[in-house]
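First the structure, in the form of structure tokens, and then the observations on it.
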Amino acid sequence: MAVGLLMIGGEFDLSVGSVIGVSGLGLLLLTTEAGWPMGAAIAAVLLLAAAIGAANGLLVVRTGVPSFLVTLGSLFVLRGLTIALVRRSTGRTQLGGLDDVSGYAFWRALFAFELGPFHAMALWWLVLLLLAWWVLRRTRTGNWILAAGGAAEAARNSGVPVRRVKVGLFVATALGAALVGIIQAVRYTGADALRGEGQEFRAIVAAVIGGTLLTGGYGSALGVAIGALIFGMVQQGIVITGVDADWFQVFLGAMLIAAVLVNDAMRRRALAAS
């Protein structure tokens, strides 16, 4: 969801997958290896994610380098550092035993509970969807996001704090990725260095399928949610129907190309009508 908002704001973040891995392993390192209480470890992980997002955002807005390139570099830096530091500290790239940490039961009840057929991840996703919808549709910040993505220079001339908006979106995206990493670590009681690999591209595909323009300035939280649901149904449908899972990559690429073409055609039609 946060990736979709960032794209509406006209930027990309390819480092979200690595932030998921950093967050999960960071939580395991601080609790099982350093002996931190889980609450303090989770707070530290979220602060680290916010710092990563702020660093990406500041680098983009101050240098003018495309966010695609900045965050692609961040992806490799973060993943490389994670593997190197964890292996140096523990000799492994996979850590477990989170369920043995004091206070684990409380955090499992918060991040890994089940409510009927629904898992905590789905309910957290629903909460974030409602929050994103409210921000985009009901707040001045939502108008700023759309303006910053659609016409940054015009928005800046109108008094919109474009740089602050974009940095805030990078921070929100990193915090969203950290939340995913924390939930996965709590649910599976462990983490590994490659957790989250490839998720950055899937998030972008889901947003585009949901109608978000790659050029920014147009999209909705509901559209991003629908794109994610379509993406998930295709992924699960391939398995359920017995189709070779290798074909998923083919469908993924085809869906992205089709969504881009449809979105561009609709944009051109809207511009022509206006």
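A short reminder: the numbers here are calculations on the coordinates, not readings from a lab. Worth saying up front: this structure is predicted, and the values here are computed from it rather than measured. Note: ideal-geometry Cβ built from the backbone for every residue, glycine included; neighbour counts use all protein chains shown.
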Charge dipole of region 2-196 about the Cα centre (unit charges at C-beta), most positive-ward option of 134, 184, 75: 134
Tell me, how many Å apart are the Cα centres for region 29-79 and for region 205-274? 28 Å
Treating only the Cβ atoms of Lys and Arg (+1) and Asp and Glu (-1) as charged, compute the dipole magnitude of the chain about its Cα centre; round to the nearest 20 debye. 860 debye
What shape does region 154-274 take by its C-alpha gyration tensor, where a ≥ b ≥ c are the square roots of the eigenvalues and a/c under 1.5 counts as rounded, a/b above b/c as prolate, and the rest as oblate? oblate
For the chain, what is the mean residue ellipticity at 222 nm derived from helices alone (per DSSP H run of n ≥ 4: -39500 (n - 2.57); sum divided by total residues; nearest 500 deg cm²/dmol)? -24000 deg cm²/dmol
Of 193, 51, 154, the most mobile residue in a GNM of the chain (C-alpha springs, cutoff 10 Å) is 154
For region 91-168, with only Lys/Arg (+1) and Asp/Glu (-1) charged at the beta-carbon, what is the dipole magnitude about the Cα centre, in debye rounded to 20? 560 debye
Residue (of 272, 120, 257) at the positive-pole extreme of the chain, dipole from beta-carbon charges: 272
Scan region 35-137 for trypsin sites (Lys or Arg not before Pro) in coil per DSSP, keeping those whose Cβ has at most 13 other Cβ atoms within 10 Å, and list them by number. 92
Compute the relative contact order of region 2-196 as a whole-number percentage, counting only Cα pairs closer than 8 Å that sit 6 or more residues apart in sequence. 46 percent
Please report, ordered by residue number, every helix of the chain (full DSSP H runs) that is 30 Å or longer along its axis going by C-alpha atoms and whose mean Kyte-Doolittle hydropathy reaches -0.5. 38-63, 67-90, 162-188, 248-273
With the crude spin-label approximation of a point 7 Å out along Cα→Cβ, what separation in nm comes out for residue 88 versus residue 201? 3.0 nm
Between residue 143 and residue 126, what length comes free when the chain is fully extended (0.36 nm per residue of separation minus the Cα-Cα distance, one decimal in nm)? 3.9 nm
